[in-house]
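*Asks:* Pasting in a structure now, in structure tokens, and then I'll have a few things to ask.
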Amino acid sequence: MTIRAHFTRRRFMAYGAAAAALPLLPSGRAFAAPETGKPLYGISTFGDLKYGPDFTHFDYASPDAPQGGTFNFSVPNWFFNQSPLSFNTLNTWVPRGDAPPRVELTHDTLMTGSLDEPDSLYGLLAETITISGDRNSFTFRIRPEARFHDGTPVTAEDATFTFNTLKEKGHPQLQLPLAEMVEAVADGQDFRVTFSGKQSSTTVFTVAGYPVLSKAWFEANPFDGSQLNAPLGNGAYKVGRYSAGNYVEYEKVTDYWGKDLAVNRGLNHFQIIRVEFYRERQAGFEAFKKGDILFRQEFTARVWATEYDFPALRENKVVKREFPGELRPSMQAWAVNQRRERFRDPRVREAINLCFDFQWSNRNLFYDAYERAESCFEKSEFKAEGMPSPEELALLEPLRADIPAEAFGEAVKMPVSDGSGRDRTLFRRARELFGELGWKPDGGLLKNDKGETFKLELLAQDEVFVRVYSPFVENMKAVGIDASIRVVDPAQYQARQVDFDYDMVGMAQSFTGTPTRSQLNNSFGSDAADVGSSRNYPGTKSTAVDELIEIAGKAETRAELVTAIRALDRVLRARRDWIPNWFAATHKAAYWDMFGFREPKPDYGFPVESLWWRDEEKAKAIGKA
């Protein structure tokens, strides 16, 4: 039941901070920042680009693969917060509304990252980027051949309109990085965006990954999520048939302007990408077993362990296997809402954490499929381990008055239970923490001096979570918390999440290989705490956290970035802003054996619909011709 950011509702954030470099050199070895004052075909945060100016395609691409066919998959409907069970808009850039997965395929971005480098960008809509000497202005030369799907050119005026509109009306994940933008202007083929000087040094990598929208189309249509009307796109696919609540199809654009660019060659082989929606998990699984769905990632450990035994799999028509996970920092955790007064003391959040028995859950619910998450940057070099290094201490010491003392010791680890499911030692410590805050047992419930009980409602959007959450909730009740689970429909879940209307909610996300200031700020920064639709679900407001985010954003070498984020990780874990739960190191996937693909998969992404292709001989062999 782990979460994969590959299925995020708004994958434009993966574009917005994607980046690249050669394989990392030993820690401390500095790389040069992108040059200024000259047109660049690509940029990398700390290193040389893997691909030269004359590269023909990415190494993981397959230029000779056959074209055509349909790739059909369903949306996992038990994610914490990643995928809608339906959609009510086709505009994915607005704060409100649920857009369907993969709608980002309909729009190209100024630049795009490769999947085998952690922090690079290469020109897509923009053939070059020129960075000013003070690094406050970025000029993109729009390709003259770039076209929208109606044949009209993509212009610098369109880019200017896009940036001004997103700053004013866009989704917070797009709006926040533009806070310090002071100007967006067009000059012939050139689009220049200028910042105040207060922006992060990595801001260029965020804005270079933004889409370019049609000014003419949005002058005739509202920029909001009120319509099921696909905005005019310029990407490799366009919206085809769809039925809200049932499916959406993306059709390959036959005269796509960018099909021969090096960044696109050997990708996007399917003629149609179809995404289907099922309200019930079992209905989606049954559709896969029958062959109505062709590819499925499994996120429920019980199902992976016990239910993949059906005729098509036994007849070798379906392949069940695991693929390596990405080399990107990720987090899967619960957020306890500090906007509500009773949750503001970190001792409360520590006590709640003590009630989750991962050891029991992993054995009895997850078939030992997962590992306990400890960090906000799991599976990466950014995860803090052991005692702080001298370099980390140099960042933490000036902030000592504003951060918990635990941040200066061993990196905070999650409690380890005796595996019984009701570890009395952990329960006792949880009650002690509540007692320190004036919550005393009274008739089996914790009450304060006003006679109020300590209530906690755990919000969920699918019944499958009840099975996982129930033991956790029962343990909270054993401690004296008036705990409960509230399952709501997807629309209500989305609305409450956007408005931060919950006591406790689960989430998951994956950062890019080189996290940017805007990504960190969106999840942990004070600026995002009261911005609806941000990922700062706990409502973290900390001057120390903000300062560490700023330091990370100004890092000039990868070693400096690693040090800053490790220090940030220590502080977040000591504050108990998040309660990490579990993670899996691999993608658990099953598919009908009718596809071809290159191995190994790239290290920084797993967009199956872009990398794989239909193998007609295999399809015939299993009766899927």
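*Asks:* Restricting to helices (runs of 4 or more DSSP H) lying wholly in segment 554-625: which have 3 or more residues that are in contact (Cβ under 8 Å) with a residue 60 or more places away in the chain and on the phi < 0 side of the Ramachandran plot?
*Replies:* 558-575, 608-611
*Asks:* Further question on the same structure: So Thr109 clears everything in (1) surrounded by fewer than 20 Cβ atoms within 10 Å (Cβ to Cβ); (2) touching a helix residue (DSSP H, G or I) at 6+ places or on another chain (Cβ under 9 Å); (3) hydroxyl-bearing (Ser, Thr, Tyr) except one condition, right? Which one?
*Replies:* It is condition (1) that Thr109 fails.
Yes/no per residue for (1) under 13 Å from Arg573 (Cβ atoms); (2) touching an Asp or Glu at 6+ places or on another chain (Cβ under 6 Å); (3) at pLDDT 95 or above; (4) among the hydrophobic types (A, V, I, L, M, F, W, C):
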| position | (1), (2), (3), (4) |
| --- | --- |
| Ala369 | no, no, no, yes |
| Cys376 | yes, yes, yes, yes |
| Glu385 | yes, no, yes, no |
| Arg400 | no, no, yes, no |
| Lys413 | yes, yes, yes, no |
| Val416 | no, no, yes, yes |
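*Asks:* Of all residues in segment 409-441 being in contact (Cβ under 8 Å) with a residue 40 or more places away in the chain and not in a loop (DSSP other than H, G, I, E, B), which is surrounded by the most Cβ atoms within 10 Å (Cβ to Cβ)?
*Replies:* Checking each candidate, the answer is Ala430.
*Asks:* Determine which member of the set Asp530, Asp593, Asp569 is surrounded by fewer than 20 Cβ atoms within 10 Å (Cβ to Cβ) and modelled with pLDDT of 95 or more.
*Replies:* Being surrounded by fewer than 20 Cβ atoms within 10 Å (Cβ to Cβ) and modelled with pLDDT of 95 or more holds for just one of Asp530, Asp593, Asp569, which is Asp593.
*Asks:* Within segment 442-460, work out how many residues are in a loop (DSSP other than H, G, I, E, B) and surrounded by fewer than 15 Cβ atoms within 10 Å (Cβ to Cβ).
*Replies:* Matching residues across segment 442-460 total 6.
*Asks:* Of all residues in segment 547-566, how many are under 25 Å from Gln497 (Cβ atoms) and surrounded by fewer than 20 Cβ atoms within 10 Å (Cβ to Cβ)?
*Replies:* 0
*Asks:* Only one residue in Thr162, Thr139 is without any contact (Cβ under 8 Å) to a residue 60 or more places away in the chain, more than 22 Å from the chain's Cα centre (by Cα) and surrounded by 23 or more Cβ atoms within 10 Å (Cβ to Cβ), so which one is that?
*Replies:* Thr162
*Asks:* Regarding segment 461-483, can at least one residue be identified that is surrounded by fewer than 20 Cβ atoms within 10 Å (Cβ to Cβ), assigned to a loop (DSSP other than H, G, I, E, B) and either modelled with pLDDT of 95 or more or not charged (D, E, K, R) (or both)?
*Replies:* no
*Asks:* Would you check if Lys588 is over 30 Å from Arg363 (Cα atoms) and either at pLDDT 95 or above or within 20 Å of the chain's Cα centre (by Cα) (or both)?
*Replies:* In short, no.
*Asks:* Moving on to the next point. Condition test on Arg363, is it surrounded by fewer than 22 Cβ atoms within 10 Å (Cβ to Cβ) and either in contact (Cβ under 8 Å) with a residue 12 or more places away in the chain or within 26 Å of the chain's Cα centre (by Cα) (or both)?
*Replies:* In short, yes.
*Asks:* Further question on the same structure: Could you please find all residues in segment 292-351 being among the hydrophobic types (A, V, I, L, M, F, W, C) and assigned to a helix (DSSP H, G or I)?
*Replies:* The answer is Ala301, Val303, Trp304, Ala305, Ala312, Leu313, Phe343, Val348, Ala351.
*Asks:* What number of residues in segment 391-420 are more than 30 Å from the chain's Cα centre (by Cα) and under 11 Å from Ala567 (Cα atoms)?
*Replies:* Number satisfying all stated conditions: 2.
*Asks:* I would also like to ask the following. Among the listed residues Ala384, Ala369, identify the single one that is touching a residue at least 12 places away in the same chain (Cβ under 8 Å), touching a helix residue (DSSP H, G or I) at 6+ places or on another chain (Cβ under 8 Å) and within 22 Å of Leu520 (Cα to Cα).
*Replies:* Being touching a residue at least 12 places away in the same chain (Cβ under 8 Å), touching a helix residue (DSSP H, G or I) at 6+ places or on another chain (Cβ under 8 Å) and within 22 Å of Leu520 (Cα to Cα) holds for just one of Ala384, Ala369, which is Ala384.
*Asks:* Step by step: first the residues of segment 211-231, then only those that are in a loop (DSSP other than H, G, I, E, B) and more than 19 Å from Arg96 (Cα to Cα), then the one that is nearest to the chain's Cα centre (by Cα). Which residue is that?
*Replies:* Step by step, filter segment 211-231, then rank; the result is Val212.
*Asks:* Could you tell me how many of the residues in segment 598-617 are buried (at least 16 other Cβ atoms within 10 Å of the Cβ) and under 11 Å from Gly69 (Cβ atoms)?
*Replies:* Qualifying residue count for the region: 4.
*Asks:* Kindly evaluate Thr165 against the criterion of being closer than 17 Å to Ser214 by Cβ, out of contact with any strand residue (DSSP E or B) (no Cβ under 6 Å at 6 or more places or on another chain) and β-branched (Val, Ile, Thr).
*Replies:* The answer is yes for Thr165.
*Asks:* As an exercise: evaluate Gly284 against (1) modelled with pLDDT of 95 or more; (2) buried (at least 20 other Cβ atoms within 10 Å of the Cβ); (3) in a helix (DSSP H, G or I) and give the number of the one condition it does not meet.
*Replies:* (1)
*Asks:* Still on this structure, please answer the following. Look through segment 224-243, keep the residues that are hydrophobic (A, V, I, L, M, F, W, C) and out of contact with any Phe, Trp or Tyr (no Cβ under 6 Å at 6 or more places or on another chain), and return whichever of them is surrounded by the fewest Cβ atoms within 10 Å (Cβ to Cβ).
*Replies:* In this case the residue turns out to be Leu228.
*Asks:* Return the pairs, sorted by first residue and then second, in which the second residue is surrounded by fewer than 13 Cβ atoms within 10 Å (Cβ to Cβ) and modelled with pLDDT of 95 or more, the first residue lies in segment 55-70 and is over 11 Å from Trp612 (Cβ atoms), the beta carbons are less than 7 Å apart, and the residues are 6+ apart or on different chains.
*Replies:* Pairs that qualify, where the first residue is over 11 Å from Trp612 (Cβ atoms) and the partner is surrounded by fewer than 13 Cβ atoms within 10 Å (Cβ to Cβ) and modelled with pLDDT of 95 or more, are His57/Pro63.
*Asks:* Further, regarding this structure: Can you name every residue in segment 30-65 that is closer than 21 Å to Ala555 by Cα, surrounded by 13 or more Cβ atoms within 10 Å (Cβ to Cβ) and more than 29 Å from the chain's Cα centre (by Cα)?
*Replies:* The one that is closer than 21 Å to Ala555 by Cα, surrounded by 13 or more Cβ atoms within 10 Å (Cβ to Cβ) and more than 29 Å from the chain's Cα centre (by Cα): Thr36.
*Asks:* Of the residues Phe343, Phe356, which single one is closer than 27 Å to Leu446 by Cβ, over 25 Å from the mean Cα position of the chain (by Cα) and either in contact (Cβ under 8 Å) with a residue 24 or more places away in the chain or surrounded by 23 or more Cβ atoms within 10 Å (Cβ to Cβ) (or both)?
*Replies:* Phe343
The values are calculated or read from the model by the stated rules, or taken from the named source; none is laboratory data. On a predicted model such as this, the values are computed, not experimentally measured, just so you know. So basically every Cβ, Gly included, is an ideal-geometry build from the backbone, and we count neighbours across all protein chains shown.
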